[in-house]
Amino acid sequence: YISGPNESYPSGPDGYGYWAYDNSDTDYSEAPEFQWIELDPDYGGNGTPLNLGNDGLVLLDLPFDFKFYGNDFDYITISNNGWAAFDTTRQFSPRNWKIPSPFGPDNLLALFWDDLDSQPGGVFYRYDPSNHRFIVEWSRLINRFDGVSEETFELILLDPAYYPTATGDGE
């Protein structure tokens, strides 16, 4: 019996060879294990606020080189609209589009790419040197699609020098 893809299968590979795994891909060792590192000080975290405002962007230096699609980056742009990019873009892109798209930055990480309002929540970051990871949390941002839904999610970049992969790309 052969069946088609379903929600418990990873997506991919793409042209580079990347696969996308989520927490429902339980039959695969590459599936992520849920781990939350709270950064929002209002909820006990110790992150640094980015104070982005609506459609805000900030370029941050990374504390380590991060390889993405075979290219090394030592910086990342963070948007309050739920994405990050290894790019020096000025494009704030509040609406999600097909990837790749001329409406989004290059080297995009589309975590929860949507038109998000930084109030009453915020975006926070922290470098955790003892665990060799860089963390960004989008905390309780209002989804402007319906004006009431709160979105909270985070990005964890692992230092490839301490978390090696077969290609050398970062996780």
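Look at the alpha carbon pairs under 8 Å that are at least 6 residues apart: their mean separation over the length of the chain gives a relative contact order of 17 percent.
For Thr77, Thr152, the ranking by accessible surface with the largest value first comes to Thr152, Thr77, using a 1.4 Å probe. Protection proxy ranking of 82-89, 110-117, 15-22, by the mean of other Cβ atoms within 10 Å over each peptide's residues and highest first, is 82-89, 110-117, 15-22. Loop-resident trypsin sites (Lys or Arg not before Pro) (DSSP state other than H, G, I, E or B) in the stretch 85-171 with no more than 10 further Cβ atoms inside 10 Å of their Cβ: Arg90, Lys98.
A full extension of the chain between Phe112 and Lys67 corresponds to an added length of 14.0 nm, given 0.36 nm per residue minus the alpha carbon distance. Applying the Karplus relation 6.51 cos²θ - 1.76 cosθ + 1.60 with θ = phi - 60° to the stretch 153-159 yields 3J(HN,Hα) values of 7, 8, 10, 10, 9, 9, 5 Hz, where x marks Gly and Pro. A quarter of the convex hull surface defined by the alpha-carbon atoms of the chain gives 11.3 nm² as the mean projection.
Amide hydrogen proximity for Gly45: with H placed 1.01 Å from N in the peptide plane, the residues at 5 or more positions away or on another chain lying under 5 Å are Asp40.
The values are calculated or read from the model by the stated rules, or taken from the named source; none is laboratory data. The structure presented is a predicted model; accordingly, all values stated were derived computationally and were not measured. All Cβ positions, even for glycine, are placed from backbone atoms using ideal geometry, and neighbour counts span all protein chains on display. Heads up: the accessible areas ignore ligands, DNA and RNA and are worked out on the full protein's heavy atoms, side chains in. Shrake-Rupley method; radii C 1.70, N 1.55, O 1.52, S 1.80 Å.
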